[in-house]
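The values are calculated or read from the model by the stated rules, or taken from the named source; none is laboratory data. On a predicted model such as this, the values are computed, not experimentally measured, just so you know. Please note: Cβ atoms are built from the backbone with ideal geometry, for glycine as well, and neighbour counts cover all protein chains shown. In case anyone asks, the SASA skips ligands and DNA or RNA and just uses the protein heavy atoms, side chains included. Shrake-Rupley method; radii C 1.70, N 1.55, O 1.52, S 1.80 Å.
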Amino acid sequence: MKQVVKNLMVAVAGISLAASAAFSVNAQETEARTLDELLQQVQQQRAAAQRIDQARERRFMDDRADKQALLRSAQQELRDEQARSTRLQEEYAQNEINIANKETELDNMVGTLGEIFGVIRGAASDTIGRISTSVVSAQYPDRELILASLAEARELPNIAELEELWLALLTEMTESGKVARYQGEVTLLDGGSEVRDVIRIGSFNLISEGEYLLYNDSTKQIQPIARQPSGHILRAAGNFEDTTSGHAGVFIDPSRGQILSLLTQKATLIERYHQGQTVGYAITVVLILGFIIAIYKLVTLTAVGGSIRRQLKNLDNPSDKNPLGRILNVYHENPQTDVENLELKLDEAILRETPSVESGVSIIKILAAIAPLMGLLGTVVGMIGTFQSITLFGTGDPRIMAGDISMALVTTAMGLIAALPLIVIHSIVASKSKSILHTLDEQAAGIVASHAEKKGA
């Protein structure tokens, strides 16, 4: 900038000098009167012009020298910058190599720590899953929140976070070996809630008021089981809850509540019965009918047997209210009949009594044979329904076929269950009827023998 200003000042000065010289020539021109004066003026003007041209030439030379100096300076600066650029590129390349070496060195040094970090994150995730579903959390809630940051961290854990993991594992391990009693809010099945004394048996089960409870980890609530275990299991739980000192036995769920949860899905005996559907109901009718007939026959045969035993004690006074008495009346009505006719008459009397004694016994036997056949019929019907379901829906979902398969199996079981007691009862009733008929035959044979002796005498 300074050089440009300097050049402008020199140009202005040259223009001023030329203007003054021309003004001087013009002034002298006006004063020349002769040729000699004119020649002299021209020579003077020429000399002045030469001086001006020389001055201007010197200024231009000076300017050229300055420009050359500036050019050399600029070229030197360019060479310096190029050298600096080359040096910086070499330094950049070397720094890249150094960074890569340092990263490799860092990876090698952090390698073991990285494996430890992965193990810690996995252990934290497993611990969160174990703690959140543990019944211990029913007594000590929100324990897993402390470990959430450790399981989701992207950097190496610090000592405090490692201690939290260790304390969580130690707490779970310690509490799993304790039986604790505490006040807990229990959500009832009807939608209400109440505060109860809850007994926690390690990390297995919760008991309150003689029933088993479940801890719902999704809602953080303690709930009674919709379907409790068998009665003796509940009695053991009630006795354990009432025990204040010493030892008491109790049933625990080693699966930490999963088996108790499955109880809610297990079908009851009534539900199993209704799975037999129409065939099952028909088998029930057969069983009830067989029981009614059997009970009726047992009552009547027992009454007949009692009257016969009483008649045996008083053979001389026969009664028409029992079979033996009626047979004895036949003998008393025919005292002079020969032995063969008397035997025939007695056999005829026994044959008259046999239908009333044996009536209904064969029906029980028939019903005992029908029951398993009806069960087999239910099996066939259930399998037909199963194959129809397979044809319509395929075998992708077993639950579609479960109803028909249940019907097939339940009806088979119901048929066998109905047949077994009917067979036993038929045997009892048949033995009683045979006993009565045997008594009648025995007494008739005795009467014939006694009559024969009298005739022979």
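How many residues, within the stretch 308-327, are buried (at least 17 other Cβ atoms within 10 Å of the Cβ) and either out of contact with any helix residue (DSSP H, G or I) (no Cβ under 6 Å at 6 or more places or on another chain) or among the small types (G, A, S) (or both)?
Going through the stretch 308-327 one residue at a time, the tally reaches 2.
Can you pull out the residues in the stretch 415-448 that are within 18 Å of V361 (Cα to Cα), among the β-branched types (V, I, T) and open to solvent by 40 Å² or more (accessible area, probe 1.4 Å)?
Once the filter is applied, which keeps residues that are within 18 Å of V361 (Cα to Cα), among the β-branched types (V, I, T) and open to solvent by 40 Å² or more (accessible area, probe 1.4 Å), the stretch 415-448 yields I423, V424, I428.
Residue under question is V429, and the condition is that it be at pLDDT below 85 and either out of contact with any helix residue (DSSP H, G or I) (no Cβ under 7 Å at 6 or more places or on another chain) or of a type in the set (A, V, I, L, M) (or both); does it hold?
no
Could you tell me whether R143 is within 24 Å of S255 (Cβ to Cβ) and surrounded by 13 or more Cβ atoms within 10 Å (Cβ to Cβ)?
Judged against the criteria, R143 is a match.
Quick one: count up the residues across the stretch 241-292 that are hydrophobic (A, V, I, L, M, F, W, C), farther than 30 Å from V179 by Cβ and modelled with pLDDT under 80.
Result for the stretch 241-292: 3.
Looking at the stretch 328-364 only, could you name the residues that are at pLDDT 75 or above, surrounded by 15 or more Cβ atoms within 10 Å (Cβ to Cβ) and not in a helix (DSSP H, G or I)?
The one that is at pLDDT 75 or above, surrounded by 15 or more Cβ atoms within 10 Å (Cβ to Cβ) and not in a helix (DSSP H, G or I): G360.
What is the number of the single condition among (1) assigned to a loop (DSSP other than H, G, I, E, B); (2) farther than 30 Å from E333 by Cβ that L315 does not meet?
The number of the failed condition is (2).
So Y92 clears everything in (1) open to solvent by less than 100 Å² (accessible area, probe 1.4 Å); (2) of a type in the set (F, W, Y); (3) at pLDDT 75 or above except one condition, right? Which one?
(1)
Take A445 and tell me if it is aliphatic (A, V, I, L, M) and at pLDDT 85 or above.
no
Could you give every pair whose Cβ atoms fall below 8 Å, whose first residue belongs to the stretch 374-388 and is within 13 Å of G280 (Cβ to Cβ) and among the polar types (S, T, N, Q), and whose second residue is open to solvent by 30 Å² or more (accessible area, probe 1.4 Å) and part of a helix (DSSP H, G or I), counting only separations of at least 6 or pairs across chains?
T379/L409; T379/T412
Applying the selection to the stretch 171-186, what residues are under 25 Å from the mean Cα position of the chain (by Cα), within 15 Å of Y215 (Cα to Cα) and open to solvent by 90 Å² or more (accessible area, probe 1.4 Å)?
If the condition is that a residue be under 25 Å from the mean Cα position of the chain (by Cα), within 15 Å of Y215 (Cα to Cα) and open to solvent by 90 Å² or more (accessible area, probe 1.4 Å), then E185 is the only one that fits.
Just give me the residues in the stretch 415-441 being within 17 Å of T300 (Cβ to Cβ) and of a type in the set (V, I, T), in sequence order.
Across the stretch 415-441, the qualifying residues are I425, I428, V429, I436, T439.
I need a count of the residues in the stretch 187-234 that are β-branched (V, I, T), open to solvent by 20 Å² or more (accessible area, probe 1.4 Å) and more than 22 Å from I128 (Cα to Cα).
3
Could you list, in sequence order, the residues of the stretch 268-304 that are within 19 Å of K432 (Cβ to Cβ), out of contact with any helix residue (DSSP H, G or I) (no Cβ under 6 Å at 6 or more places or on another chain) and not aliphatic (A, V, I, L, M)?
Correct list: F291, Y296, T300, T302.
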